[in-house]
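**Student:** Handing you this structure, nothing more for now.
The values are calculated or read from the model by the stated rules, or taken from the named source; none is laboratory data. The structure presented is a predicted model; accordingly, all values stated were derived computationally and were not measured. For neighbour counting, all protein chains shown are included, and Cβ atoms are generated from backbone atoms with ideal geometry for every residue, glycine included. Side chains included, ligands, DNA and RNA excluded: accessible areas come from the protein's heavy atoms. Shrake-Rupley method; radii C 1.70, N 1.55, O 1.52, S 1.80 Å.
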Amino acid sequence: MAIDAATVRKVAHLARIKTPEDRLEPLAGELNGILAWIEQLNEVDVDGVEPMTSNVAQALRLRDDVVTDGNKVADVLGNAPQSTDGFFVVPKVVE
Amino acid sequence: MSDLTKLTLKAAVDGLKAKQFSSEEITTAFLTAIESANPTLNAFVTVTADKAMDMARVADARLAKGEGGTLEGAPLGIKDLFCTDGVQTTAGSNMLRGFVPPYESTVSANLWRDGAVMLGKLNMDEFAMGSSNETSAFGPVVNPWKSTGSNADLTPGGSSGGSAASVAADLCLAATASDTGGSIRQPAAFTGTVGIKPTYGRASRFGMVAFASSLDQAGPITRTVADAALMLKSMCSFDVKDSTSLDVPIPDWTASVGQSIKGLRIGVPKEYVVDGMPAEIQNLWDQGIAWLKDAGCEIVPISLPHTKYALPAYYIIAPAEASSNLARYDGMRFGHRAEGTTSLTDLYETSRAEGFGGEVKRRLIIGAYVLSAGFYDAYYVRALKVRRRIAEDFDKVWGQVDAILTPSTPSAAFALGDKQIDPLQMYLNDIFTVTANLAGLPGISVPAGLDSGGLPLGLQVIGKALDEATVFQVASALEGAAGFVAKPEKWW
Amino acid sequence: MTDASNLIQGRTGPWEIVMGLEIHAQVASKAKLFSGAAVGFGAGPNEQVSLVDAGFPGMLPTLNGHCVEQAVRTGLGLKAQINKRSQFDRKNYFYPDLPQGYQISQLYFPIVGEGEVEVEAEDGTFFTVGVERLHLEQDAGKLIHDLSPSESYVDLNRAGTALMEIVSKPHMRSPEEAVAYVKKIRTILVYLGTCDGDMEKGNLRADVNVSVCRVGGYEKFRATGDFSHLGTRCEIKNVNSFRFISQAINYEARRQIEILEDGGKIDQETRLYDPTAGETRSMRSKEEANDYRYFPDPDLLPLELEQAWIDTIRASLPELPDEKRKRLMSQYGLSQYDAVVLISEQAKADYFEEAAKGRDAKLVSNWVTNELSARLAADHLDFSQSPLPAAHVAELVALIEEGVISSRIAKEVFDHVWAGEGSPRQVVEARGLVQVNDTGAIEKAVDEIIAANPDKAAAVADKPQAIGWFVGQVMKATGGKANPASVNDILKARLGIS
Ligand SMILES: [Mg+2]
Ligand SMILES: [Zn+2]
């Protein structure tokens, strides 16, 4: 499953990371190196093995339905690059 | 009193309680040490001198009344991925340069509850991704240790490089750190300090900037095993704000320190002998085995057959989780926003390209790739299955052994710049530590000897889930047997 | 069998439409799904936002148990499989209304599996729509585009609110069926109290998947389960009124048929219905094709439910619309039509049952579903807000049953009661609207009218139905108060017809 420059371009866009054209080939090379090394996982017999998503062998705790948070507009907007009248401001979104 | 900075955490806490010195005094001593060392070692991203002095005065007032918690008045360093209320928290990234959280991480809040004093925020690999501290947007931390006959600056390891270097260079009594694949234990090994990653779920992840949620775990870096036991107890807690936090009692681990290990069964996994491992590492390991045998342990050769697959599995799971965890850094609500962009997509892509460093970007792209359509099962799901195989390896040996002894790292600290060319070379640093993260087990690194260049080397003890007590017990025996007292010669 | 009325005639022949719906229903809860911020409408921008909702570094989700209970309750109401083990997954994509960069949802193991909904069609027949699944997920925030010409504003009050996404199977065949299905789901949710069903506020909205195929394709799909018999579908996002659902489907089906008849191919894509233009349009270009990179959320653990807890919820379920319909028909002898109308709102059915105690149920049903429904609708009220208590309808019907007033007078009485003049009995007394049962008075009126119209009286012998004219005249003469039964009897006797 070798990665080419086009794949890197596509995945970098999925990850929303601007990647200059001249970085695509070198990145593809690095990623291929890492992925080739990762391929050794194919040696492992994983038939019938349940994927392990967590180390914690307990069920999810449930919270009570009570309002305990909110009303902190200053905190919410305090680090915003741009805000106005209680809103975050972002470039015009065209739908 | 100029030697206050050389105290162990325990000695300092005892001295403060006994009013041999005040928190103001010891805090001042550390701030002075930081001021002179930091331009060279670069361990702190932010020094919170005023806050430290305020906290010290409050601690002194409590101590004067005979009150105060288990860490009352003790100055600590905080890794810069624990959010600290009102204090810049960067996670070593330009993305979060200037970010001031209006909240406190549970781990640091626990330390303040117990009376500790914050000296500042410690440098680290960007978003904890790295093993040399070179990925930090604030420049690498320099290891206070030098190899004999060389003036080359060495890495303190990573990602908790600032934590390890500051403890080794006497810039704080102890420091918080975090470990996703070895980020506490490897820097501890590289700096002659003690570092423990507890069982996953012991320390709350609330307020800790996430790298890989299913692996991240906080722990301390300290000068002694006893200090680690003392500080870990304060850091850990059951926290309803973290769904993966374990609702279990937190024992007094200091009681395990110095306890006889006679009769304990210690596993020595054959798979941890890796290709190209320096003889010095093998010798250190053999030495450790001999010490434990002398102390009355039964040494049991064991097999953890899937060990070699741990690192490749980790390099799927961790980047995958990171690619999602770091999606929130988009320049919209906090963090870096690029100037002069032409569209929403351009704003996203440019902000993230500018805000993240090379290693982070590489991992985010790998993470997005292994989760993408067509590759999810082949990479991600397979890695999760291998992860279970690795955890099962451990489950199978716990019947025969009480703890496992391995080297902490495959080498001593290396020179800054040495392994930057090949990411894979860098990844191999975590080869002995990463299994404990995948399986959620506690693991400690204890300084146990020096290499031929006089650089510290560490031994790792891995324990059963929630059995930090045995880990501390064995680590303390190693510490005692090794009699490790070496300190870096002050050159900074 | 393909119902011919569901077909759309194209240039090259008839086509079938097939639809599946994804309904997003906001869970009725006080706090959000994964944070303690309030759920609600009308707060100032970003006031109902926690740092968890805003995706701040180090913030972690914790699950609201009530939302889980509401999802289970809904699953039980949809007669669906409740999965004792489910899991939350992250759906990753970038958008300014999505603070974490992912939506926490359930893809691989939803909390509720397959179920079934019985839906009444307009013609009174029933059809069944399969439910594929129901899962819990977070809502996104809101983008405001009209406050600045060059910027968009972001309000995260809605972000993190719990939604139930109810995914149907592609079992709907016409816009009418799709609308009837949404109405039915809405009724069930409101009965269960798990969603307020307020479509205007966006608390219930539908994504409509539309495809077209040649006649017979759907039958083949149902027989084999093979989706290739259906056409390529397009998803029309977030349609939030019954009217728009119907319009959007009609437009979209026509659009697809035109493309196919021109020899083109349908691209599977997400589209938006623009009610002003009356058309659907593509939302995202093809190269932006989404790859959501779903994976289990590592901040959360598997959700495990105990059978006993599920059983407790089951035991607490209210009577659901279908059961209520059947009971109203058997207990009150109502027609299916009447029962269906009554159960469309729980409060309406309750109102009916209260009014019908010991009364002629059919008569009560008529008053409730006709006169009262119309008055309430005109004032934008629902039955729980009715200014007229059920006891008044009961009293009105009692007066008719007792023969005190005629149905005609009853209408007048109703008007006065609605105007707040008191109970029906009080109105009848105050206004002297009592029916005339005095036979002498009626006989007098009848005799006068027959005497004044001898030719008409003679004609009745040949044309008995002409008696209606006389009845009308008598009623007019008595101010509508004469007992119609007596009028009839007396007229027949006087005119000599049996
Ligand atoms: Mg959908
Ligand atoms: Zn949805």
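**Student:** Among the residues of region B:115-138, are any acidic (Asp, Glu) and crowded, with 24+ Cβ neighbours inside 10 Å?
**Tutor:** Checked against the condition, which is being acidic (Asp, Glu) and crowded, with 24+ Cβ neighbours inside 10 Å, region B:115-138 yields at least one hit.
**Student:** Scan region C:181-208 residue by residue and report those that are within 16 Å of ligand 2 (Cβ to nearest atom) and among the basic types (Lys, Arg).
**Tutor:** Residue satisfying the conditions is C:Arg205 alone.
**Student:** Given the conditions (1) touching a residue at least 12 places away in the same chain (Cβ under 8 Å); (2) surrounded by fewer than 16 Cβ atoms within 10 Å (Cβ to Cβ), and given that C:Gln9 satisfies all but one, which numbered condition is not satisfied?
**Tutor:** (1)
**Student:** Just checking: which of the helices (runs of 4 or more DSSP H) contained wholly in region C:303-378 hold 1 or more residues that are under 28 Å from C:Trp418 (Cα atoms) and open to solvent by less than 40 Å² (accessible area, probe 1.4 Å)?
**Tutor:** C:321-332, C:336-343, C:346-355, C:361-366, C:373-378
**Student:** Here's another thing I want to ask about it. Considering each of C:Lys481, C:Lys444 in turn, give the residue that is touching a residue at least 60 places away in the same chain (Cβ under 8 Å) and surrounded by 12 or more Cβ atoms within 10 Å (Cβ to Cβ).
**Tutor:** C:Lys481
**Student:** Which residues, counting only those in region B:337-355, are more than 7 Å from chain A (Cβ to nearest Cβ) and buried (at least 24 other Cβ atoms within 10 Å of the Cβ)?
**Tutor:** Answer for region B:337-355, where residues must be more than 7 Å from chain A (Cβ to nearest Cβ) and buried (at least 24 other Cβ atoms within 10 Å of the Cβ): B:Ser351, B:Gly355.
**Student:** Residue by residue through region C:89-102, note down the ones that are within 16 Å of ligand 1 (Cβ to nearest atom) and either under 20 Å from the mean Cα position of the chain (by Cα) or in a loop (DSSP other than H, G, I, E, B) (or both).
**Tutor:** Hits for region C:89-102 are C:Tyr93, C:Tyr95, C:Asp97, C:Leu98.
Yes/no matrix, rows are residues, columns are (1) more than 8 Å from chain B (Cβ to nearest Cβ); (2) touching an Asp or Glu at 6+ places or on another chain (Cβ under 7 Å); (3) within 30 Å of B:Arg337 (Cα to Cα):
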residue	(1), (2), (3)
A:Glu21	yes, no, yes
A:Glu25	yes, no, yes
A:Asn32	yes, no, no
A:Glu43	no, no, no
A:Pro51	no, no, no
A:Ser54	no, no, no
A:Ala57	yes, no, no
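**Student:** Among the listed residues A:Val11, A:Val56, which satisfies the condition of being part of a helix (DSSP H, G or I) and either surrounded by fewer than 13 Cβ atoms within 10 Å (Cβ to Cβ) or among the β-branched types (Val, Ile, Thr) (or both)?
**Tutor:** The match here is A:Val11.
**Student:** Then there's this: Considering region A:36-53 alone, what residues qualify as being open to solvent by 10 Å² or more (accessible area, probe 1.4 Å), not charged (D, E, K, R) and not in a loop (DSSP other than H, G, I, E, B)?
**Tutor:** A:Ala36, A:Trp37, A:Gln40, A:Asn42
**Student:** Continuing with the same structure: Those residues that are away from every other protein chain (no Cβ under 14 Å) and either away from ligand 2 (no atom under 16 Å from the Cβ) or in contact with a helix residue (DSSP H, G or I) (Cβ under 9 Å, 6 or more places away or on another chain) (or both), I need them from region C:21-40; list them, please.
**Tutor:** Those that are away from every other protein chain (no Cβ under 14 Å) and either away from ligand 2 (no atom under 16 Å from the Cβ) or in contact with a helix residue (DSSP H, G or I) (Cβ under 9 Å, 6 or more places away or on another chain) (or both): C:Leu21, C:Ile23, C:Ala25.
**Student:** Could you give me the residue pairs with C-beta distances under 7 Å whose first residue belongs to region B:102-129 and is under 18 Å from B:Thr155 (Cβ atoms), whose second residue is open to solvent by less than 10 Å² (accessible area, probe 1.4 Å) and of a type in the set (Phe, Trp, Tyr) wherever it lies, and which are 6+ apart or on separate chains?
**Tutor:** What qualifies is B:Leu122/B:Phe44; B:Asn123/B:Phe44; B:Phe127/B:Phe211; B:Ala128/B:Phe211; B:Met129/B:Phe211.
**Student:** Take the residues in region C:103-134 that are within 15 Å of ligand 1 (Cβ to nearest atom) and in a strand (DSSP E or B); name whichever of them is farthest from the other protein chains (Cβ to nearest Cβ).
**Tutor:** Applying the filter and picking the extreme gives C:Val131.
**Student:** Report yes if some residue within region B:290-311 is of a type outside the set (A, V, I, L, M, F, W, C), assigned to a helix (DSSP H, G or I) and in contact with a strand residue (DSSP E or B) (Cβ under 6 Å, 6 or more places away or on another chain); otherwise report no.
**Tutor:** Yes.
**Student:** Within region B:357-378, take every residue that is more than 7 Å from every other protein chain (Cβ to nearest Cβ) and buried (at least 24 other Cβ atoms within 10 Å of the Cβ) and give me the one that is nearest to B:Arg333 (Cα to Cα).
**Tutor:** Per the stated criteria, the residue is B:Val360.
**Student:** Next question, about the same structure. Six or more apart or on different chains, Cβ atoms under 6 Å: show the pairs whose first residue is in region C:199-227 and within 16 Å of ligand 1 (Cβ to nearest atom) and whose second is acidic (Asp, Glu).
**Tutor:** Listed pairs, sorted by first residue: C:Asp207/C:Glu22; C:Asp207/C:Glu235; C:Asn209/C:Glu235; C:Val210/C:Glu252.
**Student:** Consider B:Val381 carefully, then state whether it is within 24 Å of B:Val360 (Cβ to Cβ), of a type in the set (A, V, I, L, M) and modelled with pLDDT of 95 or more.
**Tutor:** Against the criterion (within 24 Å of B:Val360 (Cβ to Cβ), of a type in the set (A, V, I, L, M) and modelled with pLDDT of 95 or more), B:Val381 does not qualify.
**Student:** On the basis of being under 21 Å from C:Pro61 (Cβ atoms), at the interface with chain B (Cβ under 10 Å from one of its Cβ atoms) and open to solvent by less than 80 Å² (accessible area, probe 1.4 Å), does A:Lys72 make the cut?
**Tutor:** yes
**Student:** If I filter region C:90-106 for residues that are away from ligand 2 (no atom under 16 Å from the Cβ), under 24 Å from C:Asp196 (Cα atoms) and surrounded by 18 or more Cβ atoms within 10 Å (Cβ to Cβ), do I get at least one hit?
**Tutor:** no
**Student:** May I ask you to list the residues in region C:1-42 that are small (Gly, Ala, Ser), at pLDDT below 95 and part of a loop (DSSP other than H, G, I, E, B)?
**Tutor:** Residues satisfying the conditions are C:Gly40, C:Gly42.
**Student:** Kindly list the number of the only condition in (1) open to solvent by 10 Å² or more (accessible area, probe 1.4 Å); (2) without any contact (Cβ under 8 Å) to a residue 60 or more places away in the chain; (3) farther than 21 Å from A:Val73 by Cα; (4) among the hydrophobic types (A, V, I, L, M, F, W, C) that fails for C:Ala38.
**Tutor:** Only one criterion in (1) open to solvent by 10 Å² or more (accessible area, probe 1.4 Å); (2) without any contact (Cβ under 8 Å) to a residue 60 or more places away in the chain; (3) farther than 21 Å from A:Val73 by Cα; (4) among the hydrophobic types (A, V, I, L, M, F, W, C) is unmet by C:Ala38, namely (3).
**Student:** Now, a different point. Look at region C:379-404 and say how many of its residues are open to solvent by 50 Å² or more (accessible area, probe 1.4 Å), part of a helix (DSSP H, G or I) and not aliphatic (A, V, I, L, M).
**Tutor:** Result for region C:379-404: 3.
**Student:** Same structure, new question: Considering only region C:220-234, how many residues are within 15 Å of C:Thr280 (Cβ to Cβ) and surrounded by 20 or more Cβ atoms within 10 Å (Cβ to Cβ)?
**Tutor:** Final tally of qualifying residues: 2.
**Student:** Could I ask something else about it? Which one is surrounded by the most Cβ atoms within 10 Å (Cβ to Cβ), of the residues in region C:143-180 that are within 14 Å of another protein chain (Cβ to nearest Cβ) and within 16 Å of ligand 2 (Cβ to nearest atom)?
**Tutor:** In this case the residue turns out to be C:Gly160.
**Student:** Considering only region C:45-68, state which residues are more than 7 Å from chain A (Cβ to nearest Cβ) and over 12 Å from C:Phe34 (Cβ atoms).
**Tutor:** Selection gives C:Phe56, C:Pro57, C:Gly58.
**Student:** Here's something else I'd like to know. When you look at C:Glu16, is it within 16 Å of ligand 1 (Cβ to nearest atom) and acidic (Asp, Glu), yes or no?
**Tutor:** no
**Student:** Only one of (1) of a type in the set (Val, Ile, Thr); (2) within 14 Å of the chain's Cα centre (by Cα); (3) more than 29 Å from B:Thr32 (Cβ to Cβ) is not met by B:Thr254, so which one is it?
**Tutor:** (2)
**Student:** Quick one: how many residues across region B:187-215 are within 9 Å of another protein chain (Cβ to nearest Cβ) and not small (Gly, Ala, Ser)?
**Tutor:** 7
**Student:** What is the residue count in region C:412-435 for residues that are surrounded by fewer than 20 Cβ atoms within 10 Å (Cβ to Cβ) and not aromatic (Phe, Trp, Tyr)?
**Tutor:** The number of residues fulfilling the criteria is 15.
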